[in-house]
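Notes follow once the structure below has been shown.
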Amino acid sequence: MAFIDQHLPREVEIGARRRDDEDIEIVTTDGGWEVRNARSSQSLREYEISFPMSQRDNAVYQAVVAMFKVARGKLHSFRFRDWADYQLDAEIIGTGDGSTTAFQITQSWTVDGETVSRDITRPISSFQVFKAGVLQVSGYSINYDTGMLTFSVAPSLGVEISVTGQFDIPVRFDAPLETLGYSADLEHIETITLKEVRE
């Protein structure tokens with residue numbers, strides 16, 4: 001499996017319908033109680049993209065077909081921009097302990113003291129990095145293929161690490177590419193289904 005470092009056309013990405021669904025296993029006991037178990041550490045998003053005929057553009061159509069062919073359908077993953085969620089703004093990703101130098105860029109949500117995070121593995125250059133709210137201009141590197149932030153010197157104990165920047169999501173095709181042939185020179189894509197992949 002390979003990663004294709006390209007997007008679908010922007011016209012395709014905008015307006016995608018996103019589904020967030022946690023992989024939860026639920027078993028109901030004889031007494032009517034539920035036992036619930038999370039089967040993965042974080043959810044994977046799904047996207048559904050429709051193509052109104054009024055918006056059909058041959059260049060866009062050919063670009064989608066090319067991506068599907070090169071990706072070999074479900075085999076290879078590629079970049080996707082979720083235009084409703086692609087920005088981190090002073091996102092806290094960790095706290096220094098005086099010895100740790102590497103921090104995974106993450107996106108987090110907190111409710112009632114409970115925090116859930118997802119790894120950001122495809123940040124877009126260039127991210128801003130802050131220590132205790134102070135912008136850092138050197139002393140670190142970011143791996144833009146993994147989302148790992150590494151400092152040359154470990155942040156001191158209690159120093160909050162935060163980042164600001166944009167990111168993509170790694171996805172793959174999750175269904176065959178269905179097209180309608182209206183004539184010899186006019187084909188139309190019905191719906192594209194994409195699934196986020198874990199890296």
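Taking the range 104-119 as the range and being more than 16 Å from E160 (Cα to Cα) and open to solvent by less than 40 Å² (accessible area, probe 1.4 Å) as the test, only R118 passes.
Here's the yes/no breakdown for (1) farther than 26 Å from V129 by Cα; (2) surrounded by 12 or more Cβ atoms within 10 Å (Cβ to Cβ); (3) in contact with a Cys (Cβ under 6 Å, 6 or more places away or on another chain); (4) not aliphatic (A, V, I, L, M):
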position	(1), (2), (3), (4)
D20	yes, no, no, yes
D23	yes, yes, no, yes
T28	yes, no, no, yes
E34	yes, no, no, yes
A59	yes, no, no, no
V65	yes, yes, no, no
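Of the residues that sit in the range 36-55 and are surrounded by 15 or more Cβ atoms within 10 Å (Cβ to Cβ) and closer than 13 Å to I189 by Cβ, which one is modelled with the lowest pLDDT? Filtering the range 36-55 for residues that are surrounded by 15 or more Cβ atoms within 10 Å (Cβ to Cβ) and closer than 13 Å to I189 by Cβ, the one modelled with the lowest pLDDT comes out as F51. Scanning the range 70-86 for any residue that is in contact with a Phe, Trp or Tyr (Cβ under 8 Å, 6 or more places away or on another chain), under 30 Å from A154 (Cα atoms) and either of a type outside the set (G, A, S) or not in a strand (DSSP E or B) (or both) turns up at least one such residue. Do the conditions hold for V70, that is, is it open to solvent by 30 Å² or more (accessible area, probe 1.4 Å) and under 30 Å from N143 (Cα atoms)? So V70 passes the test. Under the condition of being modelled with pLDDT of 95 or more and open to solvent by 60 Å² or more (accessible area, probe 1.4 Å), which residue from the range 120-132 is nearest to F80 (Cα to Cα)? Filtering first and then ranking leaves Q128. Residue count for the range 134-147, restricted to those that are closer than 18 Å to E160 by Cα, in a loop (DSSP other than H, G, I, E, B) and open to solvent by 60 Å² or more (accessible area, probe 1.4 Å): 2.
Listed conditions (1) open to solvent by 60 Å² or more (accessible area, probe 1.4 Å); (2) among the charged types (D, E, K, R); (3) within 19 Å of the chain's Cα centre (by Cα) are all met by D97, apart from (3).
The values are calculated or read from the model by the stated rules, or taken from the named source; none is laboratory data. Computed from a prediction, not measured in an experiment: that's the story for all the values here. Note that each Cβ is placed from the backbone with ideal geometry, even for glycine, and that neighbours are counted across all protein chains shown. These area figures cover heavy atoms from the full protein model, side chains too; ligands, DNA and RNA do not enter into them. Shrake-Rupley method; radii C 1.70, N 1.55, O 1.52, S 1.80 Å.
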